[in-house]
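Below: one structure, written as structure tokens.
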Amino acid sequence: MRINIPPFSLPFICLIQLGIWTLVASGECLGSQQSLLLQFKNSLGFPSNHSRKLVNWNESSDCWSWEGVACKEGRVTHLELSGEGVYSKLDNSSTLFDLQHLKRLDLSDNNFSSTIPSRIGDLTNLNHRNLSFASFWGEVPVAISCLRNLVTLDLSSNSVLEGTNLVIRNLSALVQNLSKLQELHLDGSNISAPWNGWCQALSSLLPNLRVLSLSCCYVPGPLDESL
């Protein structure tokens, strides 16, 4: 079937195309992305007198202009919420994990008081992930191994109370696909694996590793020569 387009409608079509191109080129967020961010914000508790970012997120402005958010081609690529005073649990139902184009995620210096949700593995475009000092506890999900593009990973914790720190039961499985990783921070984590075993795993599985931080990791013995 052939459709004839009247000549007078062509400028209108061009304007629509120009509008779409402008949205992409300017870095503005798609409506669906803004909706996901607002749902994420509404699921969190935080002190309005302390927050500098979340408190100003609202429907009256485009999310590309929100502090802590960066967009490219209409999709959210950076989310940096360090030190916002968040005191809510994070679970697999969070719309955070529907932001599939995220490259940088920083939730450090908050109080989530929960385990790290396994859906963190859905954010496969992540390059940089910082969950340090955010009061996450329990076993670190092996789903992190799905984040093949990670360059930096920070799971540092300042917890000294037993049962409130992060536990890594199988370091080899955790990093098995993270060959691009250059920085790994596991301070305060409980690495329950033989020292020489996981040293060898790091040296063989992470060929690009440049920075390794392991203070207060409850592991005995000297560094293995392989590392």
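The values are calculated or read from the model by the stated rules, or taken from the named source; none is laboratory data. Source: prediction; values computed, not measured. Cβ: placed from backbone, ideal geometry, glycine included. Neighbour counts: every protein chain shown.
Residues in segment 55-68: is at least one in contact with a strand residue (DSSP E or B) (Cβ under 7 Å, 6 or more places away or on another chain), over 15 Å from Q100 (Cβ atoms) and modelled with pLDDT of 95 or more?
yes
Could you say whether any residue in segment 97-120 is closer than 17 Å to L36 by Cβ, in a loop (DSSP other than H, G, I, E, B) and in contact with a Pro (Cβ under 8 Å, 6 or more places away or on another chain)?
Looking through segment 97-120, at least one residue is closer than 17 Å to L36 by Cβ, in a loop (DSSP other than H, G, I, E, B) and in contact with a Pro (Cβ under 8 Å, 6 or more places away or on another chain).
Every residue in segment 121-139 that is in contact with a helix residue (DSSP H, G or I) (Cβ under 8 Å, 6 or more places away or on another chain), surrounded by fewer than 18 Cβ atoms within 10 Å (Cβ to Cβ) and either in a loop (DSSP other than H, G, I, E, B) or without any contact (Cβ under 8 Å) to a residue 12 or more places away in the chain (or both), please.
Once the filter is applied, which keeps residues that are in contact with a helix residue (DSSP H, G or I) (Cβ under 8 Å, 6 or more places away or on another chain), surrounded by fewer than 18 Cβ atoms within 10 Å (Cβ to Cβ) and either in a loop (DSSP other than H, G, I, E, B) or without any contact (Cβ under 8 Å) to a residue 12 or more places away in the chain (or both), segment 121-139 yields only T124.
Looking only at segment 186-203, count every residue that is part of a helix (DSSP H, G or I) and modelled with pLDDT of 85 or more and tell me the total.
Counting residues in segment 186-203 that are part of a helix (DSSP H, G or I) and modelled with pLDDT of 85 or more gives 2.
Pull up segment 50-68, narrow it to residues that are buried (at least 17 other Cβ atoms within 10 Å of the Cβ) and within 20 Å of S132 (Cβ to Cβ), then point me to the one that is farthest from the chain's Cα centre (by Cα).
Of everything passing the filter in segment 50-68, S51 is farthest from the chain's Cα centre (by Cα).
Residues to consider are E225, E162, E183; find the one that is modelled with pLDDT of 90 or more, over 24 Å from D98 (Cβ atoms) and acidic (D, E).
Checking each option against the conditions leaves just E183.
Anything in segment 56-112 that is among the acidic types (D, E) and either in contact with an Asp or Glu (Cβ under 6 Å, 6 or more places away or on another chain) or in contact (Cβ under 8 Å) with a residue 60 or more places away in the chain (or both)? List them, or say none. It would help to see each step written out before you state the result.
At the first step, the residues of segment 56-112 found to be among the acidic types (D, E) are 59, 62, 67, 73, 80, 84, 91, 98, 106, 109.
Residues satisfying the conditions are D62, E80, D98, D106.
With the structure loaded, tell me whether V211 is of a type in the set (A, V, I, L, M, F, W, C) and modelled with pLDDT of 95 or more or whether it fails that test.
Working: of a type in the set (A, V, I, L, M, F, W, C): yes; modelled with pLDDT of 95 or more: yes.
Yes; evaluated as a whole, the condition is true for this residue.
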